[in-house]
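Written out below as structure tokens is the structure these notes cover.
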Amino acid sequence: MSGSSGEWRAHGAPILREVLHAVRRPTWRLVIDWVLTTAGIGIAVWRLAPTLAAVGDLGARLTGLRWTWLALAVPAAVASLVVYGELHRHLLLAGGAKLKFGTVQAVNFIGNAIAQTVPSAGATAGIAYSVAAFRMRGVDTGLSLWASLLAALISGVALVVLGPLVAAFDGLLPLTAAAALSGALAVLSVTAWLLVRRRRSLHGIAHLTTAIARHIPVLKNAKWVSGGPGRADAVSDRIALLRPGFGQWAWFFGIALLSWALDYVALAACVAAAANTVPWAALAAGYLAVQGSIGLQLTPAGAGPAEAGLLAALVAGGLLDSTAAVAVVLFRAITWPMLTSAGWVVFLVTSRRRSTSGNPLPQHFSARRRWGRRDYTEK
């Protein structure tokens, strides 16, 4: 038993240790991170505890939930994360890397767990893990970085572009102004992408990133930094070759929108499980508040501001404080602790599977040149 345990420690989590080492913070920053985390959780408790106390018999209230709607919320939230993993897989496929559905989903669930757990640097750590995990499975560095970053950017841009329209639905903006703002944001995003994807721009970004990293203690000894400008140029040249067509871009954004839509369905189902009616306009505003809080990365998964914003929106939409609080707890419990726990379970299972098989690499790949890029195929 001790030998098996030692083997698991030796091979179970090399990528995770590397990622956490890369994103580690100075002591003062860690103190700030945990202070913000504690404050965020305190805000959530402060806002939710009084309203939950007003519920009365909480057990009876939970028993009285509409479990049919709750049964919809859980698979919708899981499906949202799975679809986001499919965005990663299709981006990798566009670059010539063919990974199995289960392989990409394992990386996706673990990356989400890291992103929702690590204070402040969660998103960075999650992306770093995805890049390292795809590289471990035979995908080159440029494509791994491109797919991991672009998945996050596409999802973010899709939500930002739709944000003004959601605000118009909530009555916060005139429809004409919202449509114009959404169009302007879309044009700005496309223009920025066309400028950034140029080879010269990519070289400049790579050199600037490397130059800055040389002055950061936790990064200056990394291979991609110590390798000099040649290594950065090689990665940026690889990324410059990745030019999906219009149809592929439409497909990517369609996948991202489907992921958001399923997550929104999960929220609506949680509200329907706790309340007699669903205040759709307020629900949309509350959903944006949750995602904005998560995006700010001040606390893990936006803990505190997310709950406070969603609760305020639902109460403003006409729900009783106690009913809104139950709905908030249901939604956040499903999309944060439940999905995060699932990711860590996947991490433990895959780590133990590698250690018991005696092979830290679960897949083997062969590479061949095609159209000036590498095409990776599982065998």
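General observations
- When residues of the range 233-261 are limited to those that are of a type in the set (Phe, Trp, Tyr) and free of Cβ contacts under 8 Å to residues at least 12 places away in the same chain, the one farthest from Leu92 (Cα to Cα): Phe246
- Test: residue in the range 326-337 that is crowded, with 22+ Cβ neighbours inside 10 Å, of a type in the set (Phe, Trp, Tyr) and over 30 Å from Gly95 (Cα atoms): yes
- Restricted to helices (runs of 4 or more DSSP H) entirely inside the range 199-313, those with at least 1 residues that are surrounded by fewer than 16 Cβ atoms within 10 Å (Cβ to Cβ) and at pLDDT 90 or above are 246-274, 280-296.
- Yes/no for Val326 being outside any loop (DSSP other than H, G, I, E, B) and within 23 Å of Leu153 (Cβ to Cβ): no
- Within the range 333-379, being in contact with a helix residue (DSSP H, G or I) (Cβ under 6 Å, 6 or more places away or on another chain), at pLDDT 85 or above and not hydrophobic (A, V, I, L, M, F, W, C) holds for Thr335, Thr340, Gly343.
- Test result for Ala123, within 23 Å of Met338 (Cα to Cα), touching a residue at least 12 places away in the same chain (Cβ under 8 Å) and of a type outside the set (Ser, Thr, Tyr): yes
- Contacts under 9 angstrom Cβ, first residue in the range 262-275 being under 13 Å from Leu81 (Cα atoms), partner β-branched (Val, Ile, Thr) and open to solvent by 10 Å² or more (accessible area, probe 1.4 Å), 6 or more apart: Leu262/Val78; Leu262/Val82; Leu262/Val83; Asp263/Thr335; Ala266/Val74; Ala266/Val78; Ala266/Ile334; Ala266/Thr335
- Looking only at the range 60-105, and only at residues there that are touching a residue at least 24 places away in the same chain (Cβ under 8 Å) and aromatic (Phe, Trp, Tyr), the one that is surrounded by the fewest Cβ atoms within 10 Å (Cβ to Cβ): Trp67
- Residue tally, condition of a type in the set (S, T, N, Q) and either open to solvent by less than 10 Å² (accessible area, probe 1.4 Å) or farther than 19 Å from Leu262 by Cα (or both), over the range 109-124: 3
- Check on Ser148, among the hydroxyl-bearing types (Ser, Thr, Tyr) and either modelled with pLDDT of 75 or more or open to solvent by 50 Å² or more (accessible area, probe 1.4 Å) (or both): yes
- Residues that are within 23 Å of Leu310 (Cβ to Cβ) and open to solvent by 80 Å² or more (accessible area, probe 1.4 Å), drawn from the range 152-192: Val160, Phe169, Leu172
The values are calculated or read from the model by the stated rules, or taken from the named source; none is laboratory data. From a predicted model like this one, the values you see are computed outputs, not experimental measurements. Reconstructed Cβ throughout: ideal geometry from the backbone, glycine too, with neighbour counts over all protein chains shown. When the accessible area is computed, the model is the full protein with side chains, heavy atoms only, and any ligands, DNA or RNA have been set aside. Shrake-Rupley method; radii C 1.70, N 1.55, O 1.52, S 1.80 Å.
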